Amino acid sequence: MGTPIAREIAIKLGIVDAPIAGSSKIHEKATPYLGGLPLFIGLAAGSYIVLHQGATILPETFNPWFVLAALAIIFIVGLWDDIRGMKPGVKMALLCVCGTLMFYGGAKVGFIPESWGVPGSILTWVLTLFWFLGITNAANLMDNMNGLASGTAIVAALSIVVIASIGGDPVGIGLGLVLAGSLLGYLPYNFPKASIFFGDAGSMVLGFYLSFLGLMAGRLPLNPVDGFDALSHTFAPIIVVGIFVFDTFFVAFSRGKRKINFWWGGRDHTSHRFVNYGFSKTFAVILVWIMGAIFGGVAILARITPGWLSVVLAIGIMVVGIWFGRVLDKIPVETVKIGSSNIREKTFQKQHPQD
């Protein structure tokens with residue numbers, strides 16, 4: 001219900017995404033750009049309920065208000081970028097602020113021993129920031145075709161629900177269902193045809209919340225684990241979002257090899273390569289969903305197996321990912337020159353209808 005309302009608000013306020021010739025914006029007509037609003041409202045409200053109900057089993061140091069405040073800031077940053085534009089450096093700085101809020105709120109990496117003291121705390125903070133920055137930007141980059149980011153995130157959220165169920169973690173289950181439910185309310189309006197887009201306000205909130213889930217899922221009740229057994233708790237949430245990580249690294253290495261600026265918009269992501277190979281856009285998106293489900297399945301296996309085997313699974317899927325990335329990179333992209341000095345990306349487009 002919230003998505004159609006957000007669409008009408010976007011139209012009245014002129015918050016639309018217009019197609020631009022020669023860019024990655026290849027949709028046929030201007031499309032409302034406020035899909036992140038109902039997503040943010042749904043995640044904030046649902047998270048408050050889950051975290052409030054789970055207060056008795058969460059650590060005493062956990063502060064849900066820090067989490068909600070960080071989520072609100074991320075939404076405002078993305079919305080500002082959609083409407084007015086924002087320099088990447090400023091966005092990264094504000095993301096670091098939000099990651100720090102999450103750290104002090106208790107949502108942080110949990111495998112650094114407390115016995116390491118201050119150096120361990122600093123390392124935990126740095127790794128927490130790296131996690132939030134990486135996954136938030138990965139989800140933002142993944143939002144390049146109708147239903148791609150939202151559908152893939154639904155698969156990841158449901159995988160996290162399973163992992164949390166295995167760990168006997170009602171908070172993780174609740175948070176995963178909040179994300180899946182919020183996205184299911186949006187997906188029918190964005191796939192296969194789009195009447196509204198996420199915009200950065202939606203994709204950044206999505207990535208930030210996935211990062212949060214990855215740090216929370218399956219860690220309650222708090223049973224002390226160490227050594228290799230702790231690795232299954234660490235690797236499973238990382239593998240869940242593996243498709244987002246894969247796409248980001250694939251684009252980074254591919255563009256680096258072709259000396260293309262990583263921060264430019266382009267049509268050279270995993271989904272675009274599938275289209276260039278000859279698949280329809282709808283099927284290309286479904287293929288990425290299937291890849292996400294494979295990562296989710298491996299993550300669940302990593303969670304239920306001994307710690308040493310979770311390491312083997314993590315290494316194995318990394319090796320397969322590198323091999324598949326090399327295969328995918330052989331699907332051609334065409335580099336065209338616009339103006340006198342700026343190089344942009346333009347992929348070979350098959351005769352498929354535009355979104």
(request) Being surrounded by fewer than 20 Cβ atoms within 10 Å (Cβ to Cβ), part of a helix (DSSP H, G or I) and without any contact (Cβ under 8 Å) to a residue 60 or more places away in the chain is the filter here, so list the residues in the range 273-285 that pass it. (result) 277, 283
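Looking at 134, 181, 151, which is the one that is open to solvent by less than 10 Å² (accessible area, probe 1.4 Å), within 22 Å of residue 295 (Cα to Cα) and of a type outside the set (A, V, I, L, M, F, W, C)?
Numbers: 134 fails: open to solvent by less than 10 Å² (accessible area, probe 1.4 Å); 181 fails: open to solvent by less than 10 Å² (accessible area, probe 1.4 Å).
Of 134, 181, 151, the one residue that is open to solvent by less than 10 Å² (accessible area, probe 1.4 Å), within 22 Å of residue 295 (Cα to Cα) and of a type outside the set (A, V, I, L, M, F, W, C) is 151.
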(request) Residue by residue through the range 66-93, note down the ones that are of a type in the set (D, E, K, R) and touching a residue at least 12 places away in the same chain (Cβ under 8 Å). (result) 81, 82, 91
(request) Take the range 249-298 and flag every residue that is in contact with a Leu (Cβ under 9 Å, 6 or more places away or on another chain), of a type outside the set (A, V, I, L, M, F, W, C) and closer than 19 Å to residue 157 by Cβ. (result) 296
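Here is a check on your reading of the model: is residue 109 aliphatic (A, V, I, L, M), farther than 26 Å from residue 41 by Cβ and in contact (Cβ under 8 Å) with a residue 24 or more places away in the chain?
When the stated conditions are applied, residue 109 passes them.
In this structure, does residue 94 turn out to be open to solvent by 50 Å² or more (accessible area, probe 1.4 Å) and within 22 Å of residue 203 (Cα to Cα)? Step through it out loud before you land on a result.
Numbers: open to solvent by 50 Å² or more (accessible area, probe 1.4 Å): yes; within 22 Å of residue 203 (Cα to Cα): yes.
Criteria met by residue 94.
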(request) Test residue 117 against the criterion of being touching a helix residue (DSSP H, G or I) at 6+ places or on another chain (Cβ under 8 Å) and small (Gly, Ala, Ser), and give yes or no. (result) no
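Given the options 168, 172, name the one that is surrounded by 16 or more Cβ atoms within 10 Å (Cβ to Cβ), under 22 Å from residue 60 (Cβ atoms), of a type in the set (Gly, Ala, Ser) and modelled with pLDDT under 95.
Just a single option satisfies the conditions, and that option is 172.
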(message) Of the conditions (1) buried (at least 22 other Cβ atoms within 10 Å of the Cβ); (2) not in a helix (DSSP H, G or I), residue 194 satisfies every one except a single condition; which number is it?
(response) (1)
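Within the range 164-176, can one find any residue that is farther than 30 Å from residue 4 by Cα and β-branched (Val, Ile, Thr)?
Step one: list which residues in the range 164-176 are farther than 30 Å from residue 4 by Cα, which gives 164-170.
Imposing the further condition that a residue be β-branched (Val, Ile, Thr) reduces the set to 166.
For the range 164-176, residues farther than 30 Å from residue 4 by Cα and β-branched (Val, Ile, Thr): present.
Residue-wise test of (1) open to solvent by less than 10 Å² (accessible area, probe 1.4 Å); (2) part of a helix (DSSP H, G or I); (3) at pLDDT below 85.
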position: 214; (1), (2), (3): yes, yes, no
position: 245; (1), (2), (3): no, yes, no
position: 251; (1), (2), (3): yes, yes, no
position: 261; (1), (2), (3): no, no, yes
position: 296; (1), (2), (3): yes, yes, no
(message) Residues that are more than 28 Å from residue 234 (Cβ to Cβ) and among the basic types (Lys, Arg): does the range 106-129 have at least one?
(response) no
(message) I need the full set of residues from the range 31-65 which are in contact (Cβ under 8 Å) with a residue 60 or more places away in the chain, open to solvent by 60 Å² or more (accessible area, probe 1.4 Å) and assigned to a loop (DSSP other than H, G, I, E, B), in order please.
(response) 57
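The values are calculated or read from the model by the stated rules, or taken from the named source; none is laboratory data. If you're wondering where the values come from, they're calculated on a predicted model, not measured in any experiment. All Cβ positions, glycine included, derive from the backbone under ideal geometry; neighbour counts span all protein chains shown. What goes into the accessible areas is simple: the full protein's heavy atoms, side chains included, and nothing from ligands, DNA or RNA. Shrake-Rupley method; radii C 1.70, N 1.55, O 1.52, S 1.80 Å.
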